[in-house]
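Okay, so here's the structure we're looking at.
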Amino acid sequence: MKFSMSLPVLRDPGHAQPYHRTFALARIAEEAGFDTATIGHHHFMPGNMSDPLTLLAAVAARTDTLRVGTGIFQLPVHNPLRVAEQVATIDEISGGRVSLGVGLGWWPLEYQAHGSEFRTRGARMEEALQILRLVWSRENVQYQGRFHSFPELTVHPRPVQEHIPLWVAGVADTAVERAARLGDAWLCGPVQSLAKAQACLAVYRAACAAHDKRPDWVLRRYAWVGKDRRSVAEEVLPAYVDGLLAHWRESAEDDTEKDLFRRLDAGEDVPAEEIAHDRLLWGAPEDVVAQVGRYRESTGCDHVHAAFGAGLPAGDSAVSTRGSYDELAEMIRLFGREVIPAFG
């Protein structure tokens, strides 16, 4: 079973190496046995990374075996030829260790400011994925599309990997089908309940069968692991879940999520543990082992992505992650020491 994680972006503006703590966490993740470390992508939001590809290049240069990727990169916002060049460069720097996780995003301003169009984001994603595949796999190619056209050219540098993995996110049926048709894997979650994940998975597997492709998907979950369940339940979980709920409202789509917010808005005191039950990885290591086991049993997943303390709205803060460097480092080590080996 594979385990990946979201790499916390911790900036120290006064330091000679402002991202030194992020680089240190990447090395800890590598030592802990994680397969891939990903960085998210948002423009004009404090606490979010506007240029994850540049930072991933730096992470790749400071690691040896850890794969690096985006989770997620808003591909339709940007020119796919330029993205193809950047990702191929990271592939070269890393010796063939990059994956590109892509999604549509939800904020029209990011599209408008970069000369793209939010209304046509699905069609733009389709075209961009086709272009990436084309220019990475072939030389001297041309393209004539609805949004992008170019004469015969060759993208340099050439990728080291014969096939750079494309992970495609989304929970709408059209997005899940797109992941099956144009991607190498579907990125699930992390805010969706287990019931929603299972419904999406049924769509994904059917689409893979229709396109004669092998289903491959990544189950993403927000996470907080500590030495004992009680301290996490009492000292961390209520505040963490409250912060996550503020962000989840922006993307609540299915009936399960909408029903949860109806209950909360009606004044019901919904315990944090109930909300976290099939949405988070949390508690002591043995709790997380049991949770991953339950997810695997109910979905058949063989790749779990943990986002430690992530998913919070940054507001005016410089970070959107809960936890200090020491807390995050200890969680990564603890997960690697006691959770990952349980599925070896």
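The values are calculated or read from the model by the stated rules, or taken from the named source; none is laboratory data. Everything quoted here is computed from the prediction, not taken from an experiment. Every residue, glycine among them, receives a Cβ derived from its backbone with ideal geometry; neighbour counts consider all protein chains shown. Remember, those area values only see protein heavy atoms, side chains included, never the ligands or the DNA or RNA. Shrake-Rupley method; radii C 1.70, N 1.55, O 1.52, S 1.80 Å.
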Odd one out for ALA185 among (1) surrounded by fewer than 19 Cβ atoms within 10 Å (Cβ to Cβ); (2) in contact with a strand residue (DSSP E or B) (Cβ under 8 Å, 6 or more places away or on another chain): (1)
Just checking, which of THR36, THR54, THR70 is open to solvent by 30 Å² or more (accessible area, probe 1.4 Å), modelled with pLDDT of 95 or more and not charged (D, E, K, R)? THR54
If I go through the stretch 69-113 residue by residue, how many of them are closer than 19 Å to GLY183 by Cβ and free of Cβ contacts under 8 Å to residues at least 60 places away in the same chain? 11
Number of positions in the stretch 1-58 that are among the aliphatic types (A, V, I, L, M) and outside any helix (DSSP H, G or I): 10
In this structure, does TRP282 turn out to be at pLDDT below 95 and open to solvent by less than 40 Å² (accessible area, probe 1.4 Å)? no
Which pairs have Cβ atoms under 6 Å, sit 6 or more apart or on different chains, and link a residue in the stretch 191-219 that is more than 27 Å from PHE308 (Cα to Cα) to one that is open to solvent by 10 Å² or more (accessible area, probe 1.4 Å)? VAL203/ASP173; ARG205/PRO215; ALA207/GLU177; CYS208/PRO215; HIS211/ARG181
Whichever residue in the stretch 220-234 is assigned to a loop (DSSP other than H, G, I, E, B) and in contact with a helix residue (DSSP H, G or I) (Cβ under 9 Å, 6 or more places away or on another chain) and, among such residues, is farthest from ALA310 (Cα to Cα): LYS227
Residues (touching a helix residue (DSSP H, G or I) at 6+ places or on another chain (Cβ under 6 Å) and open to solvent by 20 Å² or more (accessible area, probe 1.4 Å)) located in the stretch 1-28: MET1, VAL9, ARG21
In the stretch 195-224, the residues that are open to solvent by less than 10 Å² (accessible area, probe 1.4 Å), closer than 30 Å to GLY323 by Cα, at pLDDT 95 or above and out of contact with any His (no Cβ under 8 Å at 6 or more places or on another chain): ALA223
Mind listing whichever residues of the stretch 212-264 are under 23 Å from the mean Cα position of the chain (by Cα) and of a type in the set (Gly, Ala, Ser)? ALA223, GLY226, ALA239, GLY243, ALA246, SER251, ALA252
Can you find, within the stretch 148-197, the residue that is farthest from PRO215 (Cα to Cα) among those that are in contact with a Lys or Arg (Cβ under 9 Å, 6 or more places away or on another chain) and in a helix (DSSP H, G or I)? LEU194
